[in-house]
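Engineer: Pasting a structure here, questions to come.
The values are calculated or read from the model by the stated rules, or taken from the named source; none is laboratory data. Please read all numbers here as calculations on a predicted model, not as lab measurements. No Cβ is skipped: glycine too gets one built from the backbone with ideal geometry, and neighbour counts run over all protein chains shown.
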Amino acid sequence: MIENFEKRILCIGAGYVGGPTMAVIAQKCPQYKVTVVDINPDRIARWNSEKLPIYEPGLDDVVREARGRNLFFSTDIEEGIRESDIIFVSVNTPTKTFGAGAGMAADLQYWEKTARQIRECSGSPKIIVEKSTLPVKTAQAMKRILLASDKKNHFEVLSNPEFLAEGTAVQDLEKPDRVLIGSDETVSGLKARNDLVEVYANWVDRDRILTTNIWSSELSKLVSNAFLAQKISSINAISALCEKTDADVSEVARAVGMDDRLGPRFLNASVGFGGSCFKKDILNLVYLCRYYGLFEVADYWESVVRINDYQKNRFVFNMLACMFNTLATKKICLFGFAFKADTGDTRESPAIFISRKLVEEKAELIITDPEALENAKTDLQDIEGAVRYELDPYAAAEGSDAIAIMTEWKLYSDLDYERIYQSMVKPAFIFDGRNILDHRRLFDIGFNVYPIGKPPLTHFDDQPEICQE
Ligand SMILES: NC(=O)c1ccc[n+]([C@@H]2O[C@H](COP(=O)([O-])OP(=O)(O)OC[C@H]3O[C@@H](n4cnc5c(N)ncnc54)[C@H](O)[C@@H]3O)[C@@H](O)[C@H]2O)c1
């Protein structure tokens, strides 16, 4: 078959970012050939199947439209590198678990292997695009690796961090708030930057395509995630104060969020934030600040993560105190395990921490989630004995002492709680870790209801004094 594509785009890393991002580029730009490669053959097989490896609303349709036309998933990384003009690198950059910077710095081993492989397999000039979230100044290291070769290929490195949010990835990619592209401000850097602008300009308004120097672009992604997480930790910190003062955190958030300078989004108090990025990216920022001797700045950002840990701990202590200081042999049903609604992703989900703590208290867990049970089983495989997994929320809640809402799936607001109440052990408890339920109605049904940052609604005469570690 003679291929007649205007450009050949490759993405290394077929994960939550690489897959959806490339699927949307392929859908919007049928004139380009887009190939996504990965070292994980199972993942690639699933991208080529009817059941994609990740759940994202709308993604199936996008992939179905472009796959086989100009979108391809493959394990042949070397061939992909050889034939492409633009290479996006979207491999994982988790927190380092060993050596210097363990628990803080980004683990760049996957990223570095990719850089070396690109250098070895390239037979022509390439534009390399950092799509992964990386510490500021990584592009410099990438260039050094790419240029340390006898071959005379020219590589231009761009930073183009991804701002999609899981659960709304397709929508975010189709109508992004902004696309950020950073480059060296040299003649060749500006030309490469312009080539990438032209790719996005196929469907994104030009005034939403922001160009900067490469270091600003790398840093902006870390800062963006740090600001978002900080907003969540701020309202979560206030939820603890609300619980002490009979204020209602939703009312406070509404009053605060109507200020245009602050805005209403990311002001929902909850059991805590999760996801693969917030904690990792903040810790990475903290590490960078310490590296540059900015200790006060580092401490400031680290406190965002500390408040998140505090919030998760508080949730479990609250459950324990409210259920008469013992959870042993009690059945607790977790509604949701994904770190947020509309995704099956469970990385850093608060539900993992809460599950482990509850099992330490010798509670029996029943976990339900419409999309995340497969991942939940992997996350909790070492404590399998005390945990049961159940797709149907009614079956999950049957015979349990308490329900804890972990994920804000809409389906949990729409359930028949009268029926659920009838099937549970009494007194029946609901701990709404996302404040998504109709608390007054649940109370009227007979539940003892414990929201986040609001006075509880219980059928007991007095409230327990909650002691916290
Ligand atoms: N998940 C998000 O919501 C999100 C949003 C914006 C940015 N990011 C950033 O994007 C990057 C990727 O995140 P993700 O969630 O897609 O991760 P992921 O773990 O889902 O995907 C990464 C993929 O890269 C593959 N990979 C690793 N090394 C490889 C190599 N040498 N060659 C080929 N493939 C390789 C892995 O097998 C995996 O499938 C991270 O830096 C992350 O911080 C993530």
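Engineer: Could you tell me whether Gly189 is surrounded by fewer than 19 Cβ atoms within 10 Å (Cβ to Cβ), farther than 16 Å from Thr21 by Cβ, out of contact with any Pro (no Cβ under 7 Å at 6 or more places or on another chain) and among the small types (Gly, Ala, Ser)?
Structural biologist: Against the criterion (surrounded by fewer than 19 Cβ atoms within 10 Å (Cβ to Cβ), farther than 16 Å from Thr21 by Cβ, out of contact with any Pro (no Cβ under 7 Å at 6 or more places or on another chain) and among the small types (Gly, Ala, Ser)), Gly189 qualifies.
Engineer: So, one more: If I go through the stretch 95-135 residue by residue, how many of them are part of a loop (DSSP other than H, G, I, E, B) and within 8 Å of the ligand (Cβ to nearest atom)?
Structural biologist: 4
Engineer: Moving on to the next point. Can you tell me which residues in the stretch 378-406 are part of a loop (DSSP other than H, G, I, E, B), out of contact with any helix residue (DSSP H, G or I) (no Cβ under 7 Å at 6 or more places or on another chain) and surrounded by 20 or more Cβ atoms within 10 Å (Cβ to Cβ)?
Structural biologist: Correct list: Ser400 only.
Engineer: Restricting to the stretch 193-212, name every residue that is out of contact with any strand residue (DSSP E or B) (no Cβ under 6 Å at 6 or more places or on another chain) and without any contact (Cβ under 8 Å) to a residue 60 or more places away in the chain.
Structural biologist: Asn194, Glu198, Ala201, Asp205, Arg206, Asp207, Arg208
Engineer: State whether the residues of the stretch 264-276 include one that is free of Cβ contacts under 8 Å to residues at least 40 places away in the same chain, over 27 Å from Ile420 (Cα atoms) and either touching a strand residue (DSSP E or B) at 6+ places or on another chain (Cβ under 7 Å) or of a type in the set (D, E, K, R) (or both).
Structural biologist: Yes, that holds for at least one residue.
Every residue, every condition in (1) among the hydrophobic types (A, V, I, L, M, F, W, C); (2) at pLDDT below 95; (3) within 21 Å of Val286 (Cβ to Cβ), yes or no:
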{"position": "Ile81", "(1), (2), (3)": "yes, no, no"}
{"position": "Asp85", "(1), (2), (3)": "no, no, no"}
{"position": "Phe88", "(1), (2), (3)": "yes, no, no"}
{"position": "Lys96", "(1), (2), (3)": "no, yes, yes"}
{"position": "Gly103", "(1), (2), (3)": "no, yes, yes"}
{"position": "Tyr110", "(1), (2), (3)": "no, yes, no"}
{"position": "Lys113", "(1), (2), (3)": "no, yes, no"}
{"position": "Glu120", "(1), (2), (3)": "no, yes, no"}
{"position": "Gly123", "(1), (2), (3)": "no, yes, no"}
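Engineer: I'd like the full set of residues that are within 16 Å of the ligand (Cβ to nearest atom) and either surrounded by fewer than 23 Cβ atoms within 10 Å (Cβ to Cβ) or among the small types (Gly, Ala, Ser) (or both), limited to the stretch 256-277.
Structural biologist: Of everything in the stretch 256-277, those that are within 16 Å of the ligand (Cβ to nearest atom) and either surrounded by fewer than 23 Cβ atoms within 10 Å (Cβ to Cβ) or among the small types (Gly, Ala, Ser) (or both) turn out to be Phe266, Gly274, Gly275, Ser276.
Engineer: Pick from the stretch 146-161 the residues that are among the aliphatic types (A, V, I, L, M) and at pLDDT 90 or above: which of them is nearest to Leu180 (Cα to Cα)?
Structural biologist: Residue satisfying both the conditions and the ranking: Leu158.
Engineer: Can you give me the number of residues within the stretch 328-353 that are touching a strand residue (DSSP E or B) at 6+ places or on another chain (Cβ under 9 Å), surrounded by fewer than 21 Cβ atoms within 10 Å (Cβ to Cβ) and not β-branched (Val, Ile, Thr)?
Structural biologist: Total meeting the criteria: 2.
Each row is one residue, and each column tells you yes or no for (1) near the ligand (Cβ under 9 Å from one of its atoms); (2) in contact with a helix residue (DSSP H, G or I) (Cβ under 8 Å, 6 or more places away or on another chain); (3) in a loop (DSSP other than H, G, I, E, B).
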{"site": "Gly15", "(1), (2), (3)": "yes, yes, yes"}
{"site": "Val34", "(1), (2), (3)": "no, yes, no"}
{"site": "Tyr55", "(1), (2), (3)": "no, no, yes"}
{"site": "Asp60", "(1), (2), (3)": "no, no, no"}
{"site": "Phe72", "(1), (2), (3)": "no, no, no"}
{"site": "Phe88", "(1), (2), (3)": "no, yes, no"}
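Engineer: Further question: Being among the basic types (Lys, Arg) and in a loop (DSSP other than H, G, I, E, B) is the filter here; which residues of the stretch 290-343 pass it?
Structural biologist: Those that are among the basic types (Lys, Arg) and in a loop (DSSP other than H, G, I, E, B): Lys330, Lys340.
Engineer: Considering the stretch 27-78 alone, what residues qualify as being over 24 Å from the mean Cα position of the chain (by Cα) and at positive phi?
Structural biologist: Gly68
Engineer: Identify all residues within the stretch 347-377 that are out of contact with any helix residue (DSSP H, G or I) (no Cβ under 8 Å at 6 or more places or on another chain) and among the small types (Gly, Ala, Ser); write none if there are none.
Structural biologist: Ala372
Engineer: Considering only the stretch 282-294, I want to know if a residue exists there that is away from the ligand (no atom under 16 Å from the Cβ) and surrounded by 19 or more Cβ atoms within 10 Å (Cβ to Cβ).
Structural biologist: Looking for residues that are away from the ligand (no atom under 16 Å from the Cβ) and surrounded by 19 or more Cβ atoms within 10 Å (Cβ to Cβ), one finds none in the stretch 282-294, hence no.
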